[in-house]
Amino acid sequence: MAKTIKKSKIPPRPSLALLQQQAVWLSFVLLAIGLHVFEAALPSLGPWFKFGVANIMTLLALVYLGARAAFTLALARVIIGSMFIGTLFTPTFFISLAGTLSAATVMVILYKLIPRISLISLSLLAAIAHMSGQFVAVETWFIQQPALYYLLPPLLLLSCLSGWINGAIATYIWEKLKVEQA
């Protein structure tokens, strides 16, 4: 009698394209974490304000890998970056998380609704959402004072500036990546 060969329970190999996509996502995450940690070491321009250079990687992940990859990158960057700088589960972490989730949500929704939106516009609107999300978190959980909102206009102005610059940098990098792919 012929022996029957049992099928192995080893899952099939992932495709090369999937592995390449995962490697690109991981490299974007590592770069975003590095930028997050680097920026944490720099002096702040005001309360709850950093330049947001790690958001460049979220923008690139959005156009290169899609909405889900961008959103998970933003979340992973805040959690892992906070572990590195020692702010995990502190008020700073929750304020950063609120801003990041607001910005990533705005990026993903606008990118899906307006497919031809520029990275500069996307970054600018995400920066406004980030600052607004941070203010809502601070006002809700930490400082219930109406005077807090006197800080919002100048910080939104700084957010617009940083959002525009980060969008311009992301556009430049994206154009270079497209040329290399061709």
Within the stretch 133-151, can one find any residue that is without any contact (Cβ under 8 Å) to a residue 12 or more places away in the chain, closer than 22 Å to Gly34 by Cα, out of contact with any helix residue (DSSP H, G or I) (no Cβ under 7 Å at 6 or more places or on another chain) and among the aliphatic types (A, V, I, L, M)? no
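Can you tell me which residue is farthest from Leu97 (Cα to Cα) among those in the stretch 125-150 that are buried (at least 16 other Cβ atoms within 10 Å of the Cβ) and either of a type in the set (S, T, N, Q) or in contact with a strand residue (DSSP E or B) (Cβ under 7 Å, 6 or more places away or on another chain) (or both)?
Out of the qualifying residues, it is Ser132.
What tally of residues in the stretch 157-176 results from selecting those that are touching a helix residue (DSSP H, G or I) at 6+ places or on another chain (Cβ under 7 Å) and within 14 Å of Tyr64 (Cβ to Cβ)?
Going through the stretch 157-176 one residue at a time, the tally reaches 4.
Looking at Thr87, Thr92 in this structure, which one is more than 13 Å from the chain's Cα centre (by Cα), among the β-branched types (Val, Ile, Thr) and not in a helix (DSSP H, G or I)?
Thr87
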Could you list, in sequence order, all residues of the stretch 151-160 that are loosely packed, with under 14 Cβ neighbours inside 10 Å and either aliphatic (A, V, I, L, M) or under 19 Å from Val106 (Cα atoms) (or both)? Leu157
Given (1) under 22 Å from Leu148 (Cβ atoms); (2) at pLDDT 95 or above, Trp48 misses just (2)
Counting only residues in the stretch 33-68 that are touching a Leu at 6+ places or on another chain (Cβ under 6 Å) and assigned to a helix (DSSP H, G or I), the one surrounded by the fewest Cβ atoms within 10 Å (Cβ to Cβ) is identified as Leu59
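Does Gly81 satisfy being in contact (Cβ under 8 Å) with a residue 24 or more places away in the chain, farther than 20 Å from Val24 by Cβ and buried (at least 20 other Cβ atoms within 10 Å of the Cβ)?
Criteria not met by Gly81.
The values are calculated or read from the model by the stated rules, or taken from the named source; none is laboratory data. Only a predicted model underlies this, so the values are computations on that prediction, with no experimental measurement involved. Cβ: placed from backbone, ideal geometry, glycine included. Neighbour counts: every protein chain shown.
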